[in-house]
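Beneath this line is the structure, given in C-alpha cells, with notes to follow.
The values are calculated or read from the model by the stated rules, or taken from the named source; none is laboratory data. The structure displayed is predicted, hence computed values, not measured ones. Glycine also receives a Cβ, built like all others from the backbone with ideal geometry; neighbour counts cover every protein chain displayed. Heads up: the accessible areas ignore ligands, DNA and RNA and are worked out on the full protein's heavy atoms, side chains in. Shrake-Rupley method; radii C 1.70, N 1.55, O 1.52, S 1.80 Å.
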Amino acid sequence: MTQAPPSDLALFWAAVIACSILIYVILDGFDLGVGILFGTTREENHRLHMMDTIAPFWDGNETWLVIIGAGLFATFPVVYAVFLGAFYLPVLLLLVGLIFRGIAFEFRYRSVKTRWLWDLGFFLGSTVVAFVQGAAVGALMRGLPVANGQFAGTSFEWLHPFSVLTGIGLVFGYALLGAAWIVLKSEGDLRAWAYRRIPWLAAAVLVILGLAFAVSLSVDAGAIAQSHLKDRPWGWAFVALAIASLIGVVTGARARRDGVAYALTVVFIAAAYLTLGTMFWPYMVPYAVTVASAAAPEESLRFLFYGGVVVLPVIAIYTIGVYWVFRGKVRSGYR
C-alpha cells in the first residue's frame, strides 16, 4: 500500500527543523571547535583570545538546538520518542557537556587556583558534545530498529565502530571550523597558530571519513546499502563538492586568505549535510519513519505554524544582528 505524501505543513516543519540543524551545526560548530582547540595549547594568551572570539556568540548559538528539540517534540512526536529512546545516553552526555562548557566559560575568569579545572571542563565538554553528535549521525546512517513507533534496540545501539568513526570525524570537523573561525576573528600569533593547524585538521577529516566509508562497505554495509544514495546518483555531486571544499580550505590557508578557509569549511559542512539528506529522504528516522507518518495532526501543525512565523524570524533577526554588531577582528576583547 502506497503511503500518502506529507502535507504542506508537515513539509514546512520538516524544512524548519532541517534548516535549524544546519544553522546549529555551522554556528555552534565553530565555538565547539574553538573549545576543542582550546585544550591543545597551554599558552594562556592564546586561550584568552580564543575565548574572546566566541564570547558574544556561544550561548546564542545554542538557541537553535532548543528550536530543534522543541520543534521535534511538538511537530514530529514519533521522531522525538524514537530519538530519545535510541540516544538517551548520548543526549545525557550532550547536556552534561553543554553544562560544563557554560560553567567553565564563566568560572575560569573568576578563579585562578581552580582555573585548570574549568579549562579542562571547557575542553572535555566541547569534545564530548561534538563526539556524541557525530556518533548519533553515524547511528542514523546505519538505521535504527523501530517497532510500533518505538525504538526497538538497546541502549548502546549507537555505539558501533562506524558511529565511533563518525563521532571522531565530527570532532575534527568542528576543530577545523573552529580553527577557520579563529583565523577569521584574530590577528598576530593566534592567527598564525590556527593557520598552521588547518591543513592537518582538513587531512584528518578526509582520512577519517574515508575510513568510515570503508567500514560502511565492509564491517557494516548497512549504512550505504539501506540509503537512497544508490538510487540517486546525483547525490554524489555533494560528496565531490565536500572533498573539493576541503582541498580549497587547505589552499586558502596556505594563501593566507582569512575568509576563504571559514567559507569553504561551511561549504564542506553544507555539502556533507545535503549528502545525508539525499541518503535519508523521505525518512526522518532512517529507514523506518517517514515525514508523513511522523507528523502531528494537521490541527496541531497549523496552530504551531502561526506561532512559528512570528518567533522564528525574531530569532533569525537576533542572530544576524549579533553577528553584524560583533563583526570584524577581535582586537581588545569583549570583556
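At a glance:
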quantity: Under 15 Å, Cβ to Cβ, from Phe131 - net charge with Lys/Arg +1 and Asp/Glu -1; calculated: 0
quantity: Percentage relative contact order, the stretch 93-132, counting C-alpha pairs under 8 Å, at least six apart; calculated: 57 percent
quantity: Relative contact order of the chain, defined on C-alpha pairs under 8 angstrom at six or more residues apart (%); calculated: 24 percent
quantity: Mean Cβ count within 10 Å, highest first, over the residues of peptides 171-178, 117-124; calculated: 171-178, 117-124
quantity: Average accessible area per residue (Å²) across the stretch 257-335 - probe 1.4 Å, nucleic acids and ligands excluded; calculated: 55 Å²
quantity: With Cα atoms, 0 to 90° folded angle of helix 115-142 axis to the chain main axis; calculated: 30 degrees
quantity: The stretch 104-219 - percent of accessible surface contributed by carbon and sulfur, probe 1.4 Å; calculated: 70 percent
quantity: Separation between Cα centres of the stretch 15-84 and the stretch 266-331, rounded to whole Å; calculated: 13 Å
quantity: Candidates Ser163, Ser155, Ser245: whichever shows maximal mean-square fluctuation once the chain is modelled as a Gaussian network with Cα springs under 10 Å; calculated: Ser155
quantity: Solvent-accessible area per residue for the stretch 102-145 (1.4 angstrom probe, square angstrom); calculated: 44 Å²
quantity: CD proxy at 222 nm, helix term only [per DSSP H run n ≥ 4: -39500 (n - 2.57); per residue of the chain; nearest 500]; calculated: -25000 deg cm²/dmol
quantity: From the C-alpha gyration tensor of the stretch 42-181, square roots of 5λ in Å; calculated: 32, 16, 13
quantity: Helix axis angle, 8-38 relative to the chain longest principal axis, alpha carbon, degrees; calculated: 30 degrees
quantity: Residue of Arg254, Arg101, Arg232 that the Gaussian network model of the chain assigns the largest fluctuation, springs spanning Cα pairs under 10 Å; calculated: Arg232
quantity: 5 angstrom amide H check on Met284, placed H, neighbours 5+ away; calculated: Val289, Thr290, Val291
quantity: Of Thr127, Thr40, Thr278, the one that fluctuates the most in a GNM where the chain has Cα springs shorter than 10 Å; calculated: Thr40
quantity: Between 0 and 90°, nearest 10: helix 258-280 axis offset from the chain longest Cα axis; calculated: 20 degrees
